[in-house]
Protein chains: 2
Amino acid sequence: MRSARAVFDLLTMGRAGVDVYPLEVGVGLEDVTAFGKYLGGSSANVAVAAARYGLSSALVTKTGADPFGRFVRTALAGFGVHTGHVGTSPGLPTPVTFCEIFPPDDFPLYFYRFPKAPDLDIRADELDLDAIRSARILWVTVTGLCQEPSRSATLAALRARDRAGITVLDLDYRPMFWSSREQARSYVGEALDHVTVAVGNLDECDNAVGVRDPREAAKALRAKGISLAVVKQGPAGVLALDDSGEVEVPPLPVDVVNGLGAGDAFGGALCLGLLSGWDTERIIRFANAAGAIVAGQLACSDAMPTRAQVEEKLRENG
Amino acid sequence: MRSARAVFDLLTMGRAGVDVYPLEVGVGLEDVTAFGKYLGGSSANVAVAAARYGLSSALVTKTGADPFGRFVRTALAGFGVHTGHVGTSPGLPTPVTFCEIFPPDDFPLYFYRFPKAPDLDIRADELDLDAIRSARILWVTVTGLCQEPSRSATLAALRARDRAGITVLDLDYRPMFWSSREQARSYVGEALDHVTVAVGNLDECDNAVGVRDPREAAKALRAKGISLAVVKQGPAGVLALDDSGEVEVPPLPVDVVNGLGAGDAFGGALCLGLLSGWDTERIIRFANAAGAIVAGQLACSDAMPTRAQVEEKLRENG
């Protein structure tokens, strides 16, 4: 295992747990008879996606002191993600997430993250600020801001970076984790002051900056001092805005099996592109292809592609 | 569906949810790859066990407003259990329970019953007291006493019966549902004043009356005004004490696959025997055989036997 003083290509912070997903597609939870078990949680998935590209990645999270918590560690390590920053919250069960798979566009999630998710129990005084400062990319999520002590810990990590290097805020907004959209918006605003990249869909951008038009949303994010704003518009493609201007990339054609995890695949690929110094259009094309590959499969973390697989997908759709 | 004014042979009150159980035996949750889905929860299981004998049974419980809650209703109805007293608690997820299956005697449970289980959200003012008073047997559980408003509702149901007919208290004690054993003991004591039958294992009897010796525990339960005390001693068999004296019945030999649910099978059989007017020894022999059948199978509710199956088992072991 990598030593704690190593410099990581990517340090993600946030959700980790167990996805208990139906083995049947198009069948509601009422009728599903069998489930598979997968590593899950957005930040875990992004770390796995990056590791598949050969990046050194680590996840800052916590699990329960239970068999599912041990599974999270074992699975992360199996994917090559460093687990030295995965802590334990005794007394809190490791989160479990069920989903329903109704392709092409309906994938409801059922979260069992009570009484509190261990990944929201991360405390600022537990953070390894050296690792956080030195990581080439730090990746945090809006969900990490929804509850204390994770909110303070996430903001402390952002302040420790102070926009040195690449700091990404995944704008993921899940209403059930918040008391109101206004509450979310206020903390997102605070976080945006400390990051260099923001990525989200239209609703998440609206949540972040109060603007729903993709171009206006990207501009509003840029006005907050963000270097690269990435706005996902679903079937309308991805719009990215940075110092070099605006790029708009259409989605790849894909027979969607399970859309869950595609955004995390996009995120891992975004990190690879940023660290590789690619131009923005190449980054977004690559990330779109990575997302399409995962959307075409049942699993999330288990389906994260290698660089060769993404490049093959791009050639097929060239 | 039976009308709300019907008289039920058995009305159970308490836990219902979804059992997400490994399809692999002897494998920890860390390594399990596939799960099955079953109706679960002790009170649900007892109602199902009774329905398999042709008794009219109903369950008083609540679920979440979610697909798993719909599954609980559909599964109950499929087993012939009346669902007219199954309510809904919007905002609370339907409970999910994972287990590990390490035969012959280690079956840890992992409950996801937060922030509160809907079955603990049953309110006294929601009870159908006519149905509760008229049922030939009312079956309540100690777990129903662990939190409000279920505690007050359970005690209100017991008071409404006032020891008319057969009223059973399942002494089931699960430490994780209580802040202390003393807290549990105090409410169990209050409930015992209103029931006619008490059934539990040695630890549960200790919890109820502070005595661990089986004979002394049965006597202590009888001293609380209980007509029939049933003490399960595991490999040492079952001891029952009533007006006709003491009966001790050895367990049946069984290759245990999953011990979970065996106690609920025992409970359903106990109800059949009590309603049939059998002598105590016949009741306990029959209930032991029913429990053995379920212990020999992976599922709980799905494995509840018919009367013919139990009688066949008794003949095999005659």
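For the rotation that superimposes chain B on chain A, which residue of B has the C-beta lying nearest to the axis, and at what distance in Å?
That would be B:F114, 2, residue then distance in Å.
Residues of region B:162-194 with amide nitrogen under 17 Å from the 7 Å Cα-to-Cβ point of B:R136?
B:164-168
Over region B:224-285, what number does the Rg to Rh ratio reach, with both radii from the alpha-carbon atoms and Rh per Kirkwood?
Expressed as Rg/Rh, it is 0.97.
Over the Cα atoms of the protein assembly as shown, what radius of gyration and what Dmax do you get, in Å?
When restricted to the Cα atoms of the protein assembly as shown, Rg and Dmax are 28.0, 92 Å.
Principal axis extents for region A:186-247, Cα atoms only, whole Å, descending order, please.
30, 25, 14
What value in Å³ per residue do you get for the convex hull of the alpha-carbon atoms in region B:161-220?
Measuring per residue, one finds 77 Å³ for the Cα hull of region B:161-220.
Give the shape of region A:90-235 as rounded, prolate or oblate, defined through the alpha-carbon gyration tensor: a ≥ b ≥ c are the square roots of its eigenvalues, a/c under 1.5 means rounded, and otherwise the shape is prolate if a/b is larger than b/c and oblate if not.
Note, shape of region A:90-235 comes out oblate.
Take region B:176-318, compute every pairwise Cα distance, and split them into 5 Å bins from 0; I just need the percent in each bin.
Pairs per bin, as whole percents: 2, 10, 19, 21, 20, 14, 10, 3, 1.
Which ³J(HN,Hα) values, rounded to whole Hz and listed in residue order, are derived for region B:243-258 from phi using the Karplus coefficients 6.51, -1.76 and 1.60 in 6.51 cos²θ - 1.76 cosθ + 1.60 with θ = phi - 60°, glycine and proline given as x?
4, 7, x, 9, 10, 10, 10, x, x, 7, x, 8, 7, 5, 9, 8
Roughly what would the spin-label model give for B:L109 and B:M176, points 7 Å off Cα along C-beta, in nm?
With each label placed 7 Å out from Cα toward Cβ, I get 0.9 nm.
Ordering B:S43, A:S179 from largest to smallest accessible area (1.4 angstrom probe), what's the sequence?
So, going from the largest accessible area down, we get A:S179, B:S43.
Divide by every residue of chain B the summed helix terms, -39500 (n - 2.57) for each DSSP H run of at least 4, and state the resulting mean residue ellipticity at 222 nm, rounded to the nearest 500 deg cm²/dmol.
Theoretical 222 nm ellipticity from helices: -10500 deg cm²/dmol.
Consider just the alpha-carbon atoms of region B:1-67 and return their Rg together with their Dmax, both in angstrom.
Over region B:1-67's Cα set, Rg and Dmax evaluate to 15.4, 49 Å.
Protein chains only, probe 1.4 Å: how do B:H194, A:H82 rank by accessible area, largest first?
B:H194, A:H82
Using the eigenvalues of the Cα gyration tensor, what equivalent ellipsoid semi-axes result for region B:62-120 when each is taken as the square root of five times the eigenvalue, whole Å, largest first?
24, 16, 8
In Å², what does the accessible area per residue of the protein assembly as shown work out to with a 1.4 Å probe?
Using a 1.4 Å probe on heavy atoms only, each residue of the protein assembly as shown averages 36 Å².
Where nothing but the Cβ of Lys and Arg (+1) and of Asp and Glu (-1) is charged, how large is the charge dipole of region B:1-100 around its Cα centre, in debye to the nearest 20?
The dipole of region B:1-100 has a size of about 680 debye.
For region B:106-188, count all C-alpha to C-alpha pairs, find those more than 21 Å apart, and express that count as a whole percent of the total.
Tail of the P(r) past 21 Å holds 32 percent of the pairs.
Taking N as the number of residues in region B:243-318, what is its alpha-carbon radius of gyration divided by 2.2 N^0.38 Å?
Taking the Cα Rg and dividing by 2.2 N^0.38 Å, one obtains 1.04.
Along Cα→Cβ, 7 Å out, is where each label goes; now give me the distance between the ones at A:D279 and B:A6 in nm to one decimal.
Between A:D279 and B:A6, the label points sit 7.4 nm apart.
Multiply the residue gap between A:T74 and A:R307 by 0.36 nm, knock off their C-alpha separation, and tell me the result in nm, one decimal place.
Between A:T74 and A:R307, full extension yields 81.5 nm more.
D for region A:20-100, whole µm²/s, Stokes-Einstein with Kirkwood Rh over alpha-carbon pairs at 37 °C and 0.692 mPa s: what number?
Answer, rounded: 240 µm²/s.
Where the label is 7 Å out from Cα toward Cβ, how close does B:P108 come to the same position in every other copy, in nm, shortest first?
Sorted ascending, the copy-to-copy spacings read 3.2 nm.
Among all the lysines, which ones have a C-alpha under 18 Å from B:K116's C-alpha, if same-chain residues fewer than 8 places away are not counted?
List returned: A:K116, B:K62.
For B:W278, go 7 angstrom from Cα along the Cα-to-Cβ vector, then report the distances to that same point in the other copies in nm, smallest first.
7.1
Give me the Å³ per residue figure for the convex hull around the C-alpha atoms of region B:1-153.
Output value, Cα hull per residue: 121 Å³.
Does chain B come out rounded, prolate or oblate, given a ≥ b ≥ c as the square roots of the eigenvalues of its C-alpha gyration tensor, rounded meaning a/c under 1.5 and, failing that, prolate meaning a/b above b/c?
rounded
Which helices pass in chain B if a helix is a full DSSP H run, must span at least 20 angstrom along its long axis by Cα, and must have mean Kyte-Doolittle hydropathy not below 1.0?
Membrane-span-like by this rule: B:262-276.
Please turn the phi angles of region A:102-116 into ³J(HN,Hα) values with the Karplus equation 6.51 cos²θ - 1.76 cosθ + 1.60 (θ = phi - 60°), one per residue in order, whole Hz, x for glycine and proline.
My calculation for region A:102-116 gives 10, x, x, 9, 10, 9, x, 10, 10, 8, 10, 10, 10, x, 7 Hz in order.
Kindly give the distances from A:R215 to its copy-mates, label point to label point, with each label point 7 Å from Cα along Cα→Cβ, as nm values to one decimal ordered shortest first.
9.2
List the lysines whose Cα lies under 22 Å from the Cα of A:K313, skipping any in the same chain that are fewer than 8 positions away.
Once the sequence-local lysines are set aside, what remains near A:K313 is A:K232.
Using a 1.4 Å probe and counting only protein heavy atoms, how much accessible surface gets buried when B and A come together, both sides summed, in Å² to the nearest 100?
2200 Å²
On a straight-distance basis, which aspartates and glutamates could pair with A:K37 in a cross-link, Cα separation under 16 angstrom, same-chain partners fewer than 8 positions away excluded?
A:D19, A:E24, A:D66, A:E100, A:D302, B:D19, B:E24, B:E30, B:D31, B:E100
Put B:K116, B:K219 in order of accessible area, largest first, 1.4 Å probe: what do you get?
B:K219, B:K116
The values are calculated or read from the model by the stated rules, or taken from the named source; none is laboratory data. Computed from a prediction, not measured in an experiment: that's the story for all the values here. Glycine also receives a Cβ, built like all others from the backbone with ideal geometry; neighbour counts cover every protein chain displayed. Only protein heavy atoms, including side chains, enter the accessible area calculation; ligands, DNA and RNA are left aside. Shrake-Rupley method; radii C 1.70, N 1.55, O 1.52, S 1.80 Å.
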